[in-house]
Amino acid sequence: MSYKYSLNDKYLHFKDALLDVKRYFDASDESIHKARNELRISEIESEKVVIKAFKVPHLINQFAYAYLRDGKARKSYDNAIKLQALHVNTPTPIGLIEFYRFGLLKQSYFIAKYEAYDFTIREAFHRKIEDYKEVIKAFALFTYDLHVKGVWHVDYSPGNILISRKNGSYHFSLVDINRMEFRDIGEYEGLENFAKFWAKEEDLKLLATSYAEVASLDVDKAIQRASDAAKKLQAKTELKRKLKGANF
């Protein structure tokens with residue numbers, strides 16, 4: 001089996017561990033997320049890290065990721081580098097490695113430095129913290145800053161925003177970053193990025209209002225744009241659910 005890898009210049013001493021990443025991943029019993037992909041915490045070179053193992057893609061994508069476009073581990077690593085260059089918080093990327101068989105991409109891993117956090121934005125929207133309103137306001141400002149920097153997180157959703165309280169303020173960090181776009185974002189278009197948070201009407205209004213105020217936008221128009229995007233996504237999701245459950 002052949003492989004390709006990249007290492008952060010600050011972590012060149014991780015090379016041997018990266019080449020042996022399968023062993024480190026299998027040896028870890030601390031899984032923090034398991035769905036299509038799995039994340040496990042490990043310790044490498046006295047550094048606490050998170051190893052993300054991506055699901056082996058279906059045959060067409062095994063070919064596509066090998067010859068036509070970047071795979072998910074590669075995108076995760078490259079996007080992390082870009083985000084940090086833009087001074088956007090994300091766990092420090094250490095490296096990635098992709099394994100190939102017969103010229104097709106099989107297994108791939110992304111390693112990042114473990115980043116401690118207090119809660120995710122989900123806890124704010126679910127009212128599990130007392131200062132949820134202040135968190136939501138701060139989150140709107142953080143999102144606006146992302147958009148000013150030309151960052152569009154395609155999977156901008158509750159579990160992908162880590163938050164820490166530091167010196168009386170909130171520190172936001174982005175994860176699950178393999179699907180991102182770096183481009184100009186229209187002033188009202190940015191409100192559509194809140195659609196996947198499934199926020200209560202009053203919370204969505206607070207988000208849109210806070211965003212509009214810092215962006216110098218019309219508040220009513222901003223609220224409407226955010227609401228329309230959320231309703232559109234909800235309708236699309238419900239249709240998919242009905243189609244999936246339908247008997248033909």
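For a quick check of your reading of the model, give me the residue pairs whose first member lies in the stretch 186-199 and is assigned by TED's automatic domain parsing to the domain that holds Lys232 and under 11 Å from Val154 (Cβ atoms), whose second is at pLDDT 95 or above and aromatic (Phe, Trp, Tyr), with beta-carbon atoms closer than 8 Å and at least 6 apart or on different chains.
Matching pairs, first to second residue: Asn193/Trp152; Asn193/Tyr156; Lys196/Tyr156.
It is to be established whether one or more residues within the stretch 145-155 are buried (at least 18 other Cβ atoms within 10 Å of the Cβ) and assigned to a helix (DSSP H, G or I).
Here is the first cut: in the stretch 145-155, the residues buried (at least 18 other Cβ atoms within 10 Å of the Cβ) are 146-147, 151-153.
Within this subset, residues satisfying the condition of being assigned to a helix (DSSP H, G or I) are 146-147.
Yes - at least one qualifying residue is present in the stretch 145-155.
Condition test on Lys166, is it surrounded by 13 or more Cβ atoms within 10 Å (Cβ to Cβ), over 17 Å from the mean Cα position of the chain (by Cα) and not small (Gly, Ala, Ser)?
Numbers: surrounded by 13 or more Cβ atoms within 10 Å (Cβ to Cβ): no; over 17 Å from the mean Cα position of the chain (by Cα): yes; not small (Gly, Ala, Ser): yes.
So Lys166 fails the test.
Is at least one residue of the stretch 210-227 closer than 14 Å to His147 by Cα, without any contact (Cβ under 8 Å) to a residue 60 or more places away in the chain, in contact with a helix residue (DSSP H, G or I) (Cβ under 6 Å, 6 or more places away or on another chain) and in the same structural domain as Asp145 (by TED's automatic domain parsing)?
The answer is yes, given that some residue of the stretch 210-227 is closer than 14 Å to His147 by Cα, without any contact (Cβ under 8 Å) to a residue 60 or more places away in the chain, in contact with a helix residue (DSSP H, G or I) (Cβ under 6 Å, 6 or more places away or on another chain) and in the same structural domain as Asp145 (by TED's automatic domain parsing).
Would you call Tyr11 in contact with a Ser or Thr (Cβ under 8 Å, 6 or more places away or on another chain), touching a residue at least 60 places away in the same chain (Cβ under 8 Å) and buried (at least 20 other Cβ atoms within 10 Å of the Cβ)? Quick ask: steps written out before the conclusion?
On the way: in contact with a Ser or Thr (Cβ under 8 Å, 6 or more places away or on another chain): no; touching a residue at least 60 places away in the same chain (Cβ under 8 Å): yes; buried (at least 20 other Cβ atoms within 10 Å of the Cβ): yes.
No, not satisfied.
What are the pairs, 6+ residues apart or on separate chains, where a residue within the stretch 84-104 that is over 25 Å from Thr120 (Cβ atoms) and at pLDDT 95 or above has its Cβ under 6 Å from a residue that is of a type in the set (Lys, Arg) and part of a strand (DSSP E or B)?
As it stands, the answer is Glu98/Lys4; Phe99/Lys106, since those pairs meet every condition given.
In this structure, is Arg74 assigned to a helix (DSSP H, G or I) and of a type in the set (Lys, Arg)? It would help to see each step written out before you state the result.
Working: assigned to a helix (DSSP H, G or I): yes; of a type in the set (Lys, Arg): yes.
Answer is yes for this residue.
Taking into account only those residues within the stretch 45-58 that are surrounded by 15 or more Cβ atoms within 10 Å (Cβ to Cβ) and not small (Gly, Ala, Ser), which is nearest to the chain's Cα centre (by Cα)? Break it down stepwise before answering.
First, pick out the residues of the stretch 45-58 that are surrounded by 15 or more Cβ atoms within 10 Å (Cβ to Cβ): 47, 49-54, 57.
Those still in the list that are not small (Gly, Ala, Ser) too: 47, 49-52, 54, 57.
Working: Glu47: 22, Val49: 17, Val50: 14, Ile51: 15, Lys52: 12, Phe54: 14, Pro57: 19 Å.
This residue is Lys52.
Each row is one residue, and each column tells you yes or no for (1) farther than 20 Å from Tyr114 by Cα; (2) surrounded by fewer than 16 Cβ atoms within 10 Å (Cβ to Cβ); (3) among the aromatic types (Phe, Trp, Tyr).
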position	(1), (2), (3)
Leu18	no, no, no
Val21	no, no, no
Asp26	no, yes, no
Ala35	no, yes, no
Ile60	yes, yes, no
Arg69	yes, yes, no
Glu98	yes, no, no
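Kindly provide the set of residues from the stretch 133-165 that are free of Cβ contacts under 8 Å to residues at least 40 places away in the same chain and more than 26 Å from Ile94 (Cβ to Cβ), ordered by number.
Selection gives Glu134, Val135, Ala138, Val148.
Touching a Pro at 6+ places or on another chain (Cβ under 7 Å), modelled with pLDDT of 95 or more and more than 18 Å from Tyr114 (Cα to Cα): does that describe Tyr65?
Working: touching a Pro at 6+ places or on another chain (Cβ under 7 Å): yes; modelled with pLDDT of 95 or more: yes; more than 18 Å from Tyr114 (Cα to Cα): yes.
For Tyr65, the condition - touching a Pro at 6+ places or on another chain (Cβ under 7 Å), modelled with pLDDT of 95 or more and more than 18 Å from Tyr114 (Cα to Cα) - is met.
Across the stretch 99-126, what is the number of residues that are closer than 17 Å to His33 by Cβ and in a helix (DSSP H, G or I)? Please lay out each step first, then the result.
In the first step, residues of the stretch 99-126 are kept if they are closer than 17 Å to His33 by Cβ; the result is 108-117, 119-123.
If we keep only those that are in a helix (DSSP H, G or I) as well, we get 121-123.
The total comes to 3.
Kindly indicate whether any position in the stretch 6-15 is among the polar types (S, T, N, Q), within 17 Å of Asp176 (Cα to Cα), touching a strand residue (DSSP E or B) at 6+ places or on another chain (Cβ under 7 Å) and outside any helix (DSSP H, G or I).
Filtering the stretch 6-15 for residues among the polar types (S, T, N, Q) gives 6, 8.
Next cut, within 17 Å of Asp176 (Cα to Cα) only: none.
No - not one qualifying residue is present in the stretch 6-15.
Inspect the stretch 141-162 for any residue being modelled with pLDDT of 95 or more, out of contact with any Pro (no Cβ under 6 Å at 6 or more places or on another chain) and farther than 25 Å from Arg225 by Cβ and give the result as yes or no.
Yes, the stretch 141-162 has at least one match.
The values are calculated or read from the model by the stated rules, or taken from the named source; none is laboratory data. These numbers come from a predicted model, not from an experiment. All Cβ positions, glycine included, derive from the backbone under ideal geometry; neighbour counts span all protein chains shown.
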